[in-house]
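Nothing in this text is a laboratory measurement; each read-out follows from the coordinates by a stated rule. Because the structure is predicted, anything quoted here is derived from the model rather than measured. Here the Cβ is made from the backbone with ideal geometry for all residues, glycine too, and neighbour counts use every protein chain on show.
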Number of protein chains: 2
Amino acid sequence: MKIIRSPQAMTAWSENLRRQGVTIGFVPTMGALHDGHRELIRAARLRCDALVVSIFVNPTQFGPQEDLAKYPRPISRDRALCRKEGVDVCFEPTAEAMYPNGFQTMVTLPTIARRWEGEIRPHHFSGVATVVTKLCGIVRPQVALFGQKDFQQSVLVRQLVKDLNLSIEVVVHPTVREADGLAMSSRNVYLSQEDRKRAVTLYKSLRAGAEVIRRGVTDGKAVQSAMAYVLKKEPAMTIDYLAVCDPSTLEPLCDVTSRVVLLGAVRIGSVRLIDNLLVALPRRSFK
Amino acid sequence: MKIIRSPQAMTAWSENLRRQGVTIGFVPTMGALHDGHRELIRAARLRCDALVVSIFVNPTQFGPQEDLAKYPRPISRDRALCRKEGVDVCFEPTAEAMYPNGFQTMVTLPTIARRWEGEIRPHHFSGVATVVTKLCGIVRPQVALFGQKDFQQSVLVRQLVKDLNLSIEVVVHPTVREADGLAMSSRNVYLSQEDRKRAVTLYKSLRAGAEVIRRGVTDGKAVQSAMAYVLKKEPAMTIDYLAVCDPSTLEPLCDVTSRVVLLGAVRIGSVRLIDNLLVALPRRSFK
């Protein structure tokens with residue numbers, strides 16, 4: 001496995017392979033790789049000839065009060081995982097190379113960024129949209145994979161790639177969960193032993209929402225209440241939002257009439273957790 | 001010469017050639033091609049194997065009170081010019097193909113867009129930055145050429161290409177002028193016969209600024225006054241701005257200590273004209 005730090009060298013590597021007709025797959029990460037990333041990398045491995053994983057803790061998507069400084073950076077372990085999974089290049093640019101003096105371009109998606117994570121983390125999505133545009137410019141993949149865990153981010157990236165004509169196939173891979181159902185996240189290491197046990201309540205709450213939809217409830221507010229009911233039984237957790245949304249626009253739905261996504265964000269102590277569940281309506285029988 | 005309307009077909013054409021090691025040159029235009037464009041196209045022809053010219057009157061870079069509807073669109077004449085100059089593809093997307101329903105991504109360069117044209121035309125440069133990003137994504141050139149006439153735009157495009165890692169060489173080609181010195185522009189056709197004669201005063205004013213710099217004046221305000229003095233003799237013209245700037249940042253300069261760009265924007269009746277001049281300091285003699 002090659003470790004590349006310079007954006008120019010990364011582009012040269014990719015361009016050379018593209019000229020040979022090689023399909024390049026790309027998994028952008030902030031490192032601190034867990035089994036969710038491993039699944040993403042394996043799914044990417046099946047879809048491309050050459051596979052690039054980037055490890056870059058992107059400063060522009062963190063708010064001033066957020067965890068940029070303490071974000072975990074176990075680089076040797078990350079590289080070992082990549083090597084084991086057959087990654088061809090680990091791209092590890094520095095912040096200085098990504099954002100040199102004079103850098104000023106921002107990519108924004110105002111409609112998608114208006115709600116949910118975007119409302120709570122004001123500049124987060126412009127940071128994400130800008131770094132994804134840059135990374136795609138540098139790595140030049142034909143396929144890029146993102147985890148469903150960050151659902152709003154995946155909707156944003158799909159729209160971005162379409163809007164800016166990046167000609168990249170965006171694949172969103174299902175969330176990988178711990179044995180109890182907690183969505184895997186690099187931030188789970190922040191949880192105390194007690195809070196780790198409580199954390200699964202977020203997933204349970206989403207499951208409760210899915211359950212009432214399957215039983216035929218179509219009122220968005222009622223679904224939301226069913227989710228909130230579960231979470232409120234765990235007083236250590238504060239709800240940031242619980243929502244029943246259209247999976248393509250992320251607009252909240254009053255009426256559940258087709259496929260929906262249930263979104264949830266909570267805080268336990270100083271740790272924020274997000275999760276989501278795609279839910280299909282109960283099957284109609286066609287005669 | 002091929003005429004391509006679909007962005008997907010354009011990308012497919014380019015990708016196929018790139019795989020064969022072909023260098024693609026790109027001249028983005030809004031049509032209404034004049035001798036300035038012809039020079040750009042010829043300069044591009046010398047730098048690439050395959051040459052793409054886009055003709056797209058981009059709605060998002062026009063303000064609500066601006067000339068989008070009446071902007072000249074002599075498409076047959078434009079195609080004939082392209083054909084004659086050896087253009088390989090004339091890319092003519094529709095506004096619907098460029099901005100389909102749900103489109104929302106904007107690319108902004110807040111520092112460069114803050115002053116001069118950006119101050120007078122608030123959303124102009126985000127429209128330009130977004131469409132240039134899109135066109136580069138669709139056409140995938142290795143080289144793109146822009147006219148020096150839109151100086152601030154050329155600075156913006158250079159920064160954009162660098163910031164978003166587009167791996168495109170940006171070439172800025174000198175302004176082509178009419179016999180009397182007026183910078184060629186598709187908007188010159190809006191001028192009445194009388195205003196056409198007056199219009200050259202903008203160029204004369206920039207020349208006057210250059211002249212006092214050559215004579216050793218280093219005070220930015222004094223250079224500006226010399227320019228304003230010339231323009232004020234033509235009462236039909238209103239000054240939007242006259243500025244003495246750093247050519248890379250476009251920040252106004254109090255002291256002329258190295259290469260500068262003189263920027264000017266005026267109105268005659270309802271027509272706006274812009275122009276600029278790069279000026280080197282008087283040569284020092286090295287012993």
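Here are a few things to note about the model shown:
- Set B:LYS2/B:LYS70; B:LYS84/B:LYS232; B:LYS70/B:LYS204; A:LYS233/A:LYS287; B:LYS2/B:LYS204; A:LYS197/A:LYS221 screened for pairs whose C-alpha atoms are more than 32 Å apart: B:LYS84/B:LYS232; A:LYS233/A:LYS287; B:LYS2/B:LYS204
- About the centre of its Cα atoms, chain A shows a dipole size close to 620 debye [charges on the beta carbon of Lys, Arg (+1) and Asp, Glu (-1) only; nearest 20 debye].
- Among B:LYS149, A:LYS233, the order by Cβ neighbours within 10 angstrom, fewest to most, reads A:LYS233, B:LYS149.
- Taking packing as the residue-averaged number of other Cβ atoms within 10 angstrom, the listed peptides B:89-95, A:219-225 run from highest to lowest as B:89-95, A:219-225.
- Charge context of A:GLU92, other residues only, Cβ under 10 angstrom, K/R +1, D/E -1: +1
- Exam field: A:THR94 pseudo-label spacings to other copies (7 Å along Cα-Cβ), nanometres: 5.0
- Degrees separating the helix A:35-45 axis from the principal Cα axis of chain A, which is the longest one: 60
- Acute angle (nearest 10 degrees) that the helix A:7-19 long axis makes with the longest principal axis of chain A, alpha-carbon atoms: 90
- Sequence of A:SER205, B:SER248 once ranked by neighbouring C-beta atoms within 10 Å, starting from the fewest: B:SER248, A:SER205
- Taking other residues whose beta carbon is less than 11 angstrom from the beta carbon of A:VAL271, and scoring Lys, Arg as +1 and Asp, Glu as -1, yields +3.
- Charge tally in the Cβ shell below 12 Å around A:VAL143, where Lys, Arg are +1 and Asp, Glu are -1, A:VAL143 excluded: +1
- Positive end of the dipole of the protein assembly as shown (Cβ unit charges, origin at the Cα centre): among B:ASN16, B:VAL256, B:LEU156, the Cα lying farthest that way belongs to B:ASN16.
- Sorted from closest to farthest, the other copies place their B:GLU119 label points 3.8 nm away, with each point set 7 Å from Cα along Cα→Cβ.
- Calculated FRET value between B:ILE239 and B:ARG38, using beta carbons and R₀ = 30 Å, to 0.05: 0.50
- Ranking of A:ILE112, A:ILE274 by count of other Cβ atoms within 10 Å, fewest first: A:ILE274, A:ILE112
- Nearest-ten-degree value, helix B:151-163 long axis tilted from longest Cα axis of chain B: 50
- For region B:19-107, applying the loop criterion from DSSP together with a ceiling of 11 other beta carbons within 10 Å to the trypsin sites (Lys or Arg not before Pro) yields B:LYS70.
- Restriction of the chymotrypsin sites (Phe, Trp or Tyr not before Pro) in region B:229-287 to DSSP coil positions whose beta-carbon has at most 11 other beta-carbons within 10 angstrom yields B:PHE286.
- Simple spin-label estimate for B:VAL217 and A:LYS232 in nanometres, 7 Å along Cα-Cβ: 7.5
- Considering only A:LEU242, A:PRO110, A:LEU81, and ranking their Cα positions along the charge dipole of chain A that arises from unit charges at the beta-carbon of Lys, Arg, Asp and Glu, the one farthest toward the positive end is A:LEU81.
- Pair A:ALA280, A:ARG114: separation of 7 Å Cα→Cβ label points (nm): 3.1
- The charge dipole of the protein assembly as shown, taken about its Cα centre with unit charges on the Cβ atoms of Lys, Arg (+1), Asp and Glu (-1) only, comes to about 720 debye.
- Interchain or long-range residues, amide H under 5 Å from A:LEU51's placed H: A:GLY25, A:ASP88, A:VAL89
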